[in-house]
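Everything on this sheet refers to the single structure shown next.
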Amino acid sequence: MKHRDRKFVSSYRDCLLIFLLGILCYVNTLHVPFQLDDVTVIAQNPLIRILYPLQYLFRYDPSRFLTHWTFAVNYYWGGFHVPWFHWVNILLHCGNAILLYFLVKATLRFLPFPQNQNMGKRKIFPVFAAFIFLTHPLQTESVTYIVQRSVLLATAFYLAGLLGYIQLRMKFHWGLYFLILAVAILGAMTKPIFITLPLTIMLYEFYFLSSVKRQRMALLILPYLFILILVPLGIMLFALNYFAEPFAAAKWIYATRTSMEVPRAIYFLTEWSVVTRYMGLLFFPASQNILHAVPMARYIWEGPAFLSLCLIVSLLFCAVFVRHKKPLFSFGILWFFILMIPESSIFPLSDVMFEHRLYLAVGCFALIVLDGVAALVKRPRRFWVLGLIVLNLSILTYARNLAWQSPAGLLEDAIAKSPAKPQLHNALGIIYERERLFNLALMEFEKARVLDKKSPIALNHLGRVYAAKRDFASSAAAFNKALAINPDYFEANFNLGNLYYHKKDWPASLRCYRRALKLRPKDDFVLFKMAKIYESMKNFSEAKRYYQLAVSYAPYSTAALYALGNLYLQEHNYAQAILLYNQVLEIDPRYALAHNTLAIAYVNVAESQKAEFHLKQAVRLNPGDPVAYLNLSELYQRRGDEKNAEYYRNLARRYILNNRPKEFVTELDAPEF
């Protein structure tokens, strides 16, 4: 067999082993239900049900457009069948491990003597780098937690972009160049960590490619410079859309923070301790948690902050000092700190520490471990030492995934480790609320309120639960207390409006909705509810105006489109009603009521065949609805088909005619973790 063929077979075998190990580590996650933000971002997100047109998803969040598009593809092919969502995450994780495998394999060729003699001849190092990356238990939050697919996609494009740069430096090819340009554009729509790729490429160039002849460098780095523009632009557009503000270049500040509560200096000081804790978790992945309790640092001379700074400076000095003797070790340390820049520096985020922020940094850890093993362990024993490391990591990963099996169990585990985090109690309360365990939910929300008396969030949740229990006086009191703490709290204004809406106190409800609308002028839910009030008040012109506003800001809102279609149907504007109902069904073909009402519109324009089709669709989608049976019976009666008319009339008699109104609590906002 030729040398080239042997290399191909060896790489193919290694990639197959990586896939098999990845599946073994994560096979117990396939039936893990939607957790935490999975519910709001995926399960309750109407945009996920829309694969086309793409501009709806792009407007929702330009900075993570590609991530949400993959969720839409998942839904298109398999609905909300959770195993399919997990399979995509697992395969992406395995693919990223393979990309790291090829990156390490390429990098070993550039190591100077004697490092290339010490490592380059050992074929086990690239595959073990991939194994460590694949099996480290810190990766579970990125792989098992479906919504963190953004991290997986960002890493895939990140590593592909770095490998593409290496290949272009060795031999320029226009086809590969345009492929890398596409990688840069798509990667910018995954996760902000992608913005560090140009800096990583500069570091890689300095460490490993300085001896390679430079050609067309200005052209080569151009795709990577686009990243420095596209990533901040996507974040800024998302923030401006969220706050319903017009675009302006001066508002670039929106791209540099997502939390207005933590000052930059305090966040920066706190992140020193966070980074050292990250390093500890990389080497000793114990006490993993979905939300770590980290005290805020106020001054540089505080013990944890100062000691962390000393450790960070020492590591940076060490990396520079051993740069020639241990280039892989040195590069791994510096790359780690580059990856920490977007989320652990001067750009405040709402939470200071999350394990998924270490996903790609585990690759840096793998490089450091490989170099350490190469230096400390003789060749005959390296395989067994690395194998033992991977085995231990695999067992820890499999065990950590067991904690994700139950949403309540995961949060109970987190609270046991961080009992003083009100966010965890709120999240557990939401789980209990969804399971209609209202007393348990009230207990958790009360704990959250006691832990953070200055926050209106727990009070808002309490108001929701009291509303679900039909204790409307306590519900109103909780919402008003939340607004006393923060009058500009959108959720409490909206929910209080829903409470008055339920009591049919239209003026009070409108006052609350108007306050909510001032806070989010483009919120389609508020506009829809205001339109419903005006419709109830028989002010159809105002109802139509607010429905149209809701549709203009959220063209995917089936509720607003359907309600607007009903108004046109009442006005005998059948053409416009048919247009709107068809839009609803393009977005959600399973909307049985829209099929039924569209059939009524078709009857009125003498489109009997189309009416029959949509009535049968309504019956198929909701076989327990007697209205569709009666409408079908009436349709056949008009045709003179007595046999079919009597058949569907008899079916309708089997069911109790009632409106079956929705639970009041479903009209309240869906809380986020």
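The Cα-based radius of gyration and maximum Cα-Cα distance (Dmax) for the stretch 454-540 are 12.5, 42 Å. Taking all protein chains together and rolling a 1.4 Å probe, CYS25 ends up with roughly 10 Å² accessible. Counting only aspartates and glutamates at least 8 places from LYS544 when in the same chain, those with an alpha carbon closer than 17 Å to its own are ASP523, ASP524, GLU535, GLU571. Scattering from the C-alpha atoms of the stretch 290-408 alone, worked out with Debye: what is log10 I(q)/I(0) at q = 0.10, 0.12, 0.20, 0.23 1/Å? Normalising to I(0) and taking log10 leaves -0.45, -0.64, -1.26, -1.32. Using a ≥ b ≥ c from the Cα gyration tensor of the stretch 93-216 (square roots of the eigenvalues), is it rounded, prolate or oblate, where a/c under 1.5 gives rounded and otherwise the larger of a/b and b/c decides, a/b for prolate? Since a/c reaches 1.5 but b/c is at least a/b, the shape of the stretch 93-216 is classed as oblate.
Accessible-area rank, largest first, for ASP38, ASP413, ASP524: ASP413, ASP524, ASP38, with all protein chains present and a 1.4 angstrom probe.
Computed extension length for ARG639-ARG654: 3.0 nm, one decimal, from 0.36 nm per residue of separation with the Cα-Cα distance subtracted.
So what's the chain giving for Rg/Rh, alpha carbon basis, Kirkwood Rh from the mean inverse pair distance? Rg/Rh for the chain comes to 1.02. The stretch 289-349 and the stretch 471-503 have Cα centres spaced 44 Å apart. Per-residue extension of 0.36 nm, minus the Cα-Cα distance of VAL313 and ALA286, leaves a gain of 7.2 nm for this segment.
For SER608, neighbours were defined as the other residues whose beta-carbon sits under 9 Å from its Cβ, and their charges (Lys and Arg +1, Asp and Glu -1) total +1.
Extents of the stretch 258-353, taken as max minus min of Cα coordinates on every principal axis and listed largest first, are 44, 27, 26 Å. Evaluated with a Cβ-only charge set (Lys, Arg +1; Asp, Glu -1), the chain carries a dipole of roughly 2060 debye about its Cα centre, given to the nearest 20. Computed with every protein chain present, the accessible area of LEU440 is close to 70 Å² [probe 1.4 Å]. The length gained on full extension between ARG214 and ARG511, counted as 0.36 nm times the residue separation minus their Cα-Cα distance, comes to 100.3 nm. Inter-part distance, the stretch 522-548 to the stretch 29-81, computed on C-alpha centroids, equals 28 Å.
Of all lysines in the structure, those lying under 22 Å Cα to Cα from LYS616, and not within fewer than 8 positions of it along the same chain, are LYS643. Hey, which of these cross-link pairs are over 26 Å Cα-Cα: LYS417/LYS454; LYS421/LYS518; LYS453/LYS532? Pairs exceeding the cut-off: LYS421/LYS518; LYS453/LYS532.
Model label points for ILE221 and LEU181, set 7 angstrom from Cα along the Cα-to-Cβ axis, are 1.9 nm apart. Sorted from greatest to least, the principal axis extents spanned by the alpha carbons of the stretch 463-607 come out as 57, 29, 27 Å.
Considering only LEU402, ILE389, SER344, the residue lying farthest towards the positive end of the dipole of the stretch 303-437 is ILE389, judged by Cα position with unit charges set on Cβ.
Treating cross-link reach as a plain straight distance, find the aspartates and glutamates whose alpha-carbon is under 14 Å from the alpha-carbon of LYS213, omitting any fewer than eight places away in the same chain. Output for LYS213: GLU205. Screening the chain for whole DSSP H helices of 15 Å or more along their axis (Cα) with average Kyte-Doolittle hydropathy at least 1.6 returns 124-135, 174-187, 217-242, 303-321, 327-340, 361-376. Kindly identify the stretch 506-549 as rounded, prolate or oblate by the Cα gyration tensor criterion: order the square roots of the eigenvalues as a ≥ b ≥ c, call it rounded if a/c is under 1.5, otherwise compare a/b with b/c, prolate if a/b is larger, else oblate. In terms of gyration-tensor shape, oblate. The helix-only estimate of mean residue ellipticity at 222 nm for the chain, built from DSSP H runs of length n ≥ 4 each weighted as -39500 (n - 2.57), is -22000 deg cm²/dmol after division by the residue total. Distances between every pair of Cα atoms in the stretch 344-411, grouped in 10 Å steps from 0 to the bin holding the largest one, split as 15, 33, 29, 18, 5 percent. Relative to one another, the C-alpha centroids of the stretch 356-391 and the stretch 422-466 are positioned 43 Å apart. Annotation for ASN604 and ASN582: the two label points, set 7 Å from Cα along the Cα-Cβ direction, are 1.7 nm apart.
The mean sequence separation of alpha-carbon pairs under 8 Å and at least six residues apart, normalised by the residue count of the chain, gives a relative contact order of 12 percent.
Just the number: Rg to Rh for the stretch 342-486, Cα atoms, Kirkwood Rh, two decimals. We get a ratio of 1.19 for the stretch 342-486. Only protein heavy atoms count here; on that basis, with a 1.4 Å probe, GLU607 has an accessible area of about 70 Å². Rounded to two decimals, the Cα-based Rg/Rh of the stretch 23-80, with Kirkwood Rh, is 1.03. Placing unit charges on each Cβ (+1 for Lys and Arg, -1 for Asp and Glu) gives the chain a dipole about its Cα centre, and among TYR267, ALA594, TYR204 the Cα reaching farthest toward its positive end belongs to TYR204.
The values are calculated or read from the model by the stated rules, or taken from the named source; none is laboratory data. As the structure is a prediction and not an experimental result, all values here were calculated from the model. Backbone-built Cβ (ideal geometry, glycine too); neighbour counts: all protein chains shown. Please note that ligands, DNA and RNA were not included when accessible areas were found on the heavy atoms of the full protein model with its side chains. Shrake-Rupley method; radii C 1.70, N 1.55, O 1.52, S 1.80 Å.
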